[in-house]
Amino acid sequence: MKEMLEKIKAEATARLAETSADLEAIRIQYLGKKGELTAVLRGMGKLSAEERPIIGGLANEVREYIESKIEEKSAELKNAALSAKLASETVDVTMPVSPCRVGSRHPLSQVQTELEDIFIGLGFEIVEGPEVEYDYYNFQALNIPENHPARDTQDTFYITDKILLRSQTSPVQIHAMEKKKPPIRIISPGRVYRSDAVDATHSPLFHQLEGLVVDKGITMGDLKGTLELFAKKMFGDDTRIRFRPHHFPFTEPSAEVDVSCFVCGGKGCSLCKGEGWIEILGAGMVHPNVLSGCGIDPEVYSGFAFGLGIERIVMRKYNIDDMRLLYENDVRFLKQFN
Ligand code: PHE
């Protein structure tokens with residue numbers, strides 16, 4: 001019996017040394033219920049009382065030995081598998097990578113952000129308004145009654161009799177004054193729509209930025225000071241502004257505002273078409289009818305508003321002569337604004 005145990009030990013050791021996989025089969029073969037070592041232990045009943053503890057002890061030793069060998073082998077196999085996996089998955093960090101092309105923000109977005117930053121710095125708050133708007137907000141509440149000729153100058157996309165795509169960001173003034181009582185100091189950038197044919201200076205979709213300030217004692221001087229500061233920050237410290245009388249139904253008095261040409265400084269060049277001035281926005285003092293329509297007493301409060309075309313500023317700033325370039329998304333064009 002002792003020889004048999006020695007033989008089992010030797011055989012098991014040899015098999016474990018050779019195998020590269022099925023350790024479980026080996027365990028069952030020797031240590032399982034019907035295994036070889038178990039069979040030996042079963043025969044122990046035939047032994048004499050003196051032999052039994054000796055063989056028993058030996059059998060336990062062999063079992064423990066085989067178990068530990070199996071464990072050892074199992075760890076060895078796992079390590080080998082891990083090393084093989086690591087070797088096969090090695091990344092060559094010295095290999096050149098294929099360049100990853102990073103896009104950039106659209107010039108319209110860049111300029112919009114720039115405008116927002118300037119006005120935030122002046123204490124304005126950004127608000128948004130709907131692009132699909134009621135006739136009431138786009139026209140009526142802005143002192144443009146039905147049949148008013150001003151409705152013809154802004155060819156509007158109507159959805160129903162009462163609902164339209166806003167033709168200007170000015171309706172956000174009304175939303176702002178309905179929601180909040182003075183002091184109000186907001187800007188509102190966004191898309192506007194007019195049924196214009198596409199050409200170098202027109203698009204049925206374009207962008208405006210509206211500004212509105214309402215408080216006690218707001219004057220035209222505040223409007224001028226604000227726009228002058230804005231113009232200097234946007235186009236450089238040497239920039240001057242000029243107010244030309246104009247008419248908007250929702251402001252009185254109203255003005256169109258020019259900045260001194262930032263290419264020639266006012267001498268006249270191809271960008272300003274020899275004028276020395278470039279028109280950038282419409283502005284004025286909020287009409288009393290508009291204030292009272294929003295429940296704000298024009299005897300107590302006054303305000304100014306302005307609206308500028310973002311495309312126009314982008315085109316002037318980068319000397320772009322065709323508006324369509326801004327919407328065609330030709331990468332060769334967009335790349336230049338990285
Ligand atoms: N909404 C006017 C436009 O689209 C611009 C404007 C805004 C004028 C605010 C005065 C005050 O032409």
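The values are calculated or read from the model by the stated rules, or taken from the named source; none is laboratory data. This is a predicted model, so every value here is computed, not measured. Cβ atoms come from the backbone with ideal geometry, glycine included; neighbour counts cover every protein chain shown. Calculation scope for accessible area: heavy atoms of the full protein, side chains included, ligands and nucleic acids excluded. Shrake-Rupley method; radii C 1.70, N 1.55, O 1.52, S 1.80 Å.
Tally Lys and Arg at +1 and Asp and Glu at -1 over the other residues with C-beta under 13 Å from the C-beta of Val127: what net charge comes out?
Taking every Cβ under 13 Å from that of Val127, the sum is -2.
Report the Cα centroid-to-centroid distance between segment 54-81 and segment 218-248 in angstrom, as an integer.
When both Cα centres are located, 90 Å separates them.
If I take R0 = 30 Å and measure r between the Cβ atoms of Asp117 and Val93 in this structure, what FRET efficiency does the formula 1/(1 + (r/R0)^6) give, to the nearest 0.05?
Working from the Cβ atoms, E equals 0.15.
Past the 28 Å Cα-Cα mark, which pairs from Lys33/Lys73; Lys181/Lys232; Lys181/Lys317; Lys162/Lys233; Lys9/Lys34; Lys179/Lys232?
Flagged as over cut-off: Lys181/Lys232; Lys181/Lys317; Lys162/Lys233; Lys179/Lys232.
Rounded to the nearest 20 debye, what is the charge dipole size of the chain about its Cα centre when +1 sits on each Lys and Arg Cβ and -1 on each Asp and Glu Cβ?
840 debye
With θ set to phi - 60°, apply the Karplus curve 6.51 cos²θ - 1.76 cosθ + 1.60 along segment 95-100 and write out the HN-Hα couplings as whole Hz, x wherever there is a Gly or Pro.
So the J values, rounded to whole Hz, are 5, x, 8, 6, x, 9.
Measure off, as a whole percent, the carbon and sulfur share of the 1.4 Å-probe accessible area of segment 2-88, all protein chains present.
56 percent
Spelling out what I want: for every residue of segment 20-27, take phi, set θ = phi - 60°, compute 6.51 cos²θ - 1.76 cosθ + 1.60 (Karplus), and round to whole Hz; glycine and proline get x.
10, 9, 7, 5, 5, 4, 5, 4
Starting from the Cα-Cα distance between Lys180 and Glu252, subtract it from 0.36 nm times their residue separation and give me the gain in nm to one decimal.
Once the chain is fully extended between Lys180 and Glu252, it gains 23.7 nm.
What spacing in nm lies between the two simple spin-label points modelled at Lys224 and Ser83, each 7 Å away from Cα in the Cβ direction?
In this crude label model, Lys224 to Ser83 measures out at 8.6 nm.
Amide H of Thr201: which non-local residues (sequence gap of 5 or more, or other chain) have their own amide H closer than 5 Å, using H built in the peptide plane?
Met323
By residue number, which cysteines of the chain lack any other Cys whose Cβ falls under 4.7 Å from their Cβ?
Lone cysteines by the Cβ rule: Cys100, Cys294.
For every other residue with a beta carbon closer than 14 angstrom to the beta carbon of Val40, add +1 if it is Lys or Arg and -1 if Asp or Glu, then tell me the sum.
Around Val40, the charge tally is +3.
So what are the ³J(HN,Hα) numbers for segment 57-69, from phi and the Karplus equation (6.51, -1.76, 1.60; θ = phi - 60°), rounded to whole Hz, Gly and Pro as x?
Coupling constants for segment 57-69: x, 5, 4, 4, 4, 5, 4, 4, 4, 5, 4, 5, 5 Hz.
Using a probe of 1.4 angstrom, how much of the accessible area of segment 107-337 is carbon and sulfur, in percent?
50 percent
Check each of the trypsin sites (Lys or Arg not before Pro) in segment 181-245 and keep only those in coil by DSSP with at most 10 other C-beta atoms within 10 angstrom; list them in order.
Lys216
With a cut-off of at most 16 other beta carbons within 10 Å, and DSSP calling the residue loop, which GluC sites (Glu not before Pro) in segment 278-338 qualify? Please list them.
Glu299
Counting only residues 5 or more places away or on other chains, whose amide H sits under 5 Å from the amide H of Ile218 once H atoms are built in the peptide plane?
Here Ser302 satisfy the definition.
Give me the accessible area per residue for the chain, probe 1.4 Å, as a whole number in Å².
For the chain, the solvent-accessible area averages 56 Å² per residue.
Run the numbers for Asp215 and Thr160: contour at 0.36 nm per residue of separation, minus the present Cα-Cα distance, in nm.
16.2 nm
For a quick check of your reading of the filter: which chymotrypsin sites (Phe, Trp or Tyr not before Pro) in segment 54-157 sit in a DSSP loop and have no more than 16 other Cβ atoms within 10 Å?
Here the chymotrypsin sites (Phe, Trp or Tyr not before Pro) that fit, given the DSSP loop and packing criteria, are Phe157.
With springs connecting C-alpha atoms under 10 Å apart, model the chain as a Gaussian network and identify which of Thr251, Thr226, Thr19 has the largest mean-square fluctuation.
Judging by the Gaussian network model, the answer is Thr19.
Using +1 at the C-beta of Lys and Arg and -1 at the C-beta of Asp and Glu, which of Ser203, Asn147, Val257 has the Cα lying farthest in the positive direction of the dipole of the chain?
Of the options given, the answer is Ser203.
Over segment 2-88, one equal point on each Cα, no solvent: what is log10 I(q)/I(0) by the Debye formula at q = 0.18 Å⁻¹?
Here log10 of I(q) over I(0) equals -0.77.
Multiplying the sequence separation of Glu24 and Glu36 by 0.36 nm and subtracting their Cα-Cα distance, what value in nm do you get?
Between Glu24 and Glu36, full extension yields an extra 2.9 nm.
How would you classify segment 107-337 from its alpha-carbon gyration tensor, with a ≥ b ≥ c the square roots of the eigenvalues: rounded for a/c under 1.5, else prolate if a/b is greater than b/c, otherwise oblate?
oblate
What is the local net charge at Tyr318, summed over the other residues whose Cβ is closer than 14 Å to its Cβ (Lys, Arg +1; Asp, Glu -1)?
Here the charged neighbours net out to +1.
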